Structures are given as C-alpha cells and as structure tokens.
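The values are calculated or read from the model by the stated rules, or taken from the named source; none is laboratory data. Remember, predicted model here, so these are calculated numbers, not experimental data. Cβ sites come from the backbone with ideal geometry, for glycine too, and all protein chains shown count toward neighbours. Note: accessible area is taken over every heavy atom of the protein model, side chains too, but ligands, DNA and RNA are not part of it. Shrake-Rupley method; radii C 1.70, N 1.55, O 1.52, S 1.80 Å.
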Amino acid sequence: MVQAYEPDTGNDRAESQSTGSGSRFRSLLDRRIRDKGIWRRGIVLAVCAVLLTLVMVFHAEIPNIIGNLGSLTETFLPWIGVFVPLLLILGLVRRSATALIALLLPVAVWLNLFGGLMLSDKSGSGGDLTVATHNVNADNPDPAGTARQVAGSGADIVALEELPSDQVSTYKAALADRFPYHSVQGTVGLWSKYPMSSTRPVDIKMGWTRAMRSTVRTPEGEVAVYVAHLPSVRVKLHAGFTANQRDDSADALGEAIADERLGKVILLGDLNGTMNDRSLNAVTSQMRSTQGAAGDGFGFSWPASFPMARIDQILVKGVEPMSSWTLPATDSDHLPIAARVEL
C-alpha cells in the first residue's frame, strides 16, 4: 500500500501557536469575567476614591471652625492628586474592577480643576512692564548675591520681603546701579527704574510695618504698587492650621486695595496663602493672579528646596498679565517670581 505524507510546514506550526495563544487569552478573560470577586474586592479603595472626589468638588464647604481645616486643604489642594496613582496601584494589586472604575471620578475632577495649569502654557509675548518679588529670608547668608540675582531678571520693579534692619544697607547697595528709586518701609522694600511718589506704609493690623504702597510713574502711566508680607501660618497638632492673624491682615490689605484711587494696581509679595485659600478672598476676589492668567504650570514658590505651594503672589487689577514665571533659586527658602504685564 502506498501512503502519502504531507510535509509539516511552518505555517501550520504558527497557526497552531496562534490558536493556542488566543485560546489561553480567551480562557484568562473568561476566568476574569466569571470571577465575581473582581467586583466585590476593593470596596474600601472605591470609597477612598469617592472621598477624594468629594474633597476636591466641595473643598469650599469644608469648615474653618476646627483648626482652619478648610484653608489647610485649599492650600495644598493640587497635591490631592498624588493619591490617585497610589489607589491605582492598590486597585491593580487587588484586581478590583470596582476600585479602578471609581478611580475615574477623582481623575476627571482633578483634570477639570488643574489640568489647564498642568497641560497648557498660557504665557504670551508682549507687555511693557516686568515686575518681580522675593521673600529674601531674614537669615539669608548672601543678601548681596540674592539681590543681584533678582535684579538680573530684567525686572523694572522689584519688591523684597523679610528685610532685616541690619541688612537693608546691603540690599540698597546691591540694587543701586539698576534702580535709582527705592523705599524701604519696615521689613518690606520696593525698588524701581521709574519715579516713585506717595509712598507710605500700609497698616495690615500687625503692630509693625510689613506692607507698603507707592505710585510708580511709568512711561505708560501711573500704577499703584503694593508690597505685602502677610503673617506666617503654622500647622500644629494641637491647634491645626493657625492662620487667624494672617486672615485679619488679608482683610486689612483687601480694604486698602479696595480704597485705592488709581485704576491700575499691582500687588507683590508673600501672602502666605494660595489663590485657592478662601481666607484671602478680601484680596483675591478683586485681583487676578498673573500665574493663573498667563503662567506655565503651577508656579510653586515654597519651599525652594521642594516647592509645594505658590504662596508668593503677583496680583493685578486694571492691568493685563502677559506672562508669569518663577526665577532660579537664591539662598532664600522661597523662590523669586516675576511677571510681564501690559499697562
């Protein structure tokens, strides 16, 4: 008897391997679908995802009665997003479909709140005035170098905060060549390339001077420039977010700006609070943040070693922000910031 043999081709082996791989994948998928635990597992993780979402959506409703918890949450609100990757990893480890689907909620809300800051650069060209501000730190080991570094930004107007009385002359000498006009009021100072007038301290209810105001006469007209260093805040285990003195000073500063007779106003300084913090509403409700309107990213300025919040601010009223940015670190614990505006 004659028997015919067909050759064993590579195509047959490939087809067999492909069929086997597909079968294994379908088998794995079927087991996952039939695994009812995939929906029951991770309920706690899903609840955590929902709680994160609620905090971001209703942060303004968190009361300040106990330890100023609302303001503390708003100060570091963008950082709530760091919990999302953690929940994602735990959800994958737990093989929980419920947790992973619930995680879509905080992701969507975070992107809605902060995605514009994270993913878009709103800065533009143009502008006719560059301003900068820096909390130089009273313990700065190199005040002259810090002053020259900020002046090197090309700013037309520079505000400095936390100036110790025994170092004021050092700052003045370092900035004298670039800025022919200046004034120091208490622990804050203003240096300008353009003439200054009607310069005076501003009472922000602290008992000593940490705010000032001056009219700067630029080629495009007069602008009222305020410099402020609001009281520091602390996070204490027994007292929470101690910010009452800062809040009172913010209210006083807001009143002074509201009473300003000039239509063009620029506020420079360390407000010890972010634009999200409701306790600064007396100021922020009537002014625009240059970073929010024309900046790239969050623009965090403190602490300089690992910036986590933008508590140093450039705010404007009757002035158009064109660009806003942070400057390189100095020997201070804050980063200097700058902005270009159109008068």
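A few comments on the model shown:
- In the stretch 197-215, the qualifying residues are those that are on the phi > 0 side of the Ramachandran plot and more than 27 Å from the chain's Cα centre (by Cα), and the one that is surrounded by the fewest Cβ atoms within 10 Å (Cβ to Cβ) is 207.
- Among the candidates 165, 153, residue that is over 23 Å from the mean Cα position of the chain (by Cα) and open to solvent by 10 Å² or more (accessible area, probe 1.4 Å): 165
- Test set (1) more than 21 Å from the chain's Cα centre (by Cα); (2) open to solvent by 60 Å² or more (accessible area, probe 1.4 Å); (3) closer than 30 Å to residue 37 by Cβ; (4) not small (Gly, Ala, Ser) - residue 66 fails condition number: (3)
- Residues of the stretch 131-143 that turn out to be assigned to a loop (DSSP other than H, G, I, E, B) and out of contact with any Asp or Glu (no Cβ under 7 Å at 6 or more places or on another chain), as a count: 1
- Which listed residue, of 181, 194, is in contact with a Lys or Arg (Cβ under 7 Å, 6 or more places away or on another chain), under 26 Å from residue 145 (Cβ atoms) and modelled with pLDDT of 95 or more: 194
- Only a single item in (1) more than 30 Å from residue 319 (Cβ to Cβ); (2) surrounded by 14 or more Cβ atoms within 10 Å (Cβ to Cβ); (3) of a type outside the set (S, T, N, Q) is not met by residue 86, and it is number (2).
- Residue in the stretch 262-281 that is at pLDDT 95 or above, over 23 Å from residue 326 (Cα atoms), over 16 Å from the mean Cα position of the chain (by Cα) and open to solvent by less than 20 Å² (accessible area, probe 1.4 Å) present: no
- Flag for residue 91 being in a helix (DSSP H, G or I), surrounded by 18 or more Cβ atoms within 10 Å (Cβ to Cβ) and at pLDDT below 90: no
- Across the stretch 258-316, the number of residues qualifying as among the β-branched types (Val, Ile, Thr) and assigned to a strand (DSSP E or B) comes to 4.
- Residues located in the stretch 294-310, provided they are closer than 19 Å to residue 126 by Cα and open to solvent by 30 Å² or more (accessible area, probe 1.4 Å): 296
- Unmet criterion (only one of (1) out of contact with any Lys or Arg (no Cβ under 8 Å at 6 or more places or on another chain); (2) of a type outside the set (A, V, I, L, M, F, W, C); (3) open to solvent by less than 90 Å² (accessible area, probe 1.4 Å)) for residue 96: (1)
- Within the stretch 112-130, tally of residues that are modelled with pLDDT of 80 or more, in a helix (DSSP H, G or I) and open to solvent by 90 Å² or more (accessible area, probe 1.4 Å): 1
- Residue in the stretch 71-85 that is more than 21 Å from residue 300 (Cβ to Cβ), modelled with pLDDT of 90 or more and either among the acidic types (Asp, Glu) or in contact with a helix residue (DSSP H, G or I) (Cβ under 8 Å, 6 or more places away or on another chain) (or both) present: no
- Residue within the stretch 230-245 that is open to solvent by 20 Å² or more (accessible area, probe 1.4 Å), within 25 Å of residue 128 (Cα to Cα) and part of a loop (DSSP other than H, G, I, E, B) present: no
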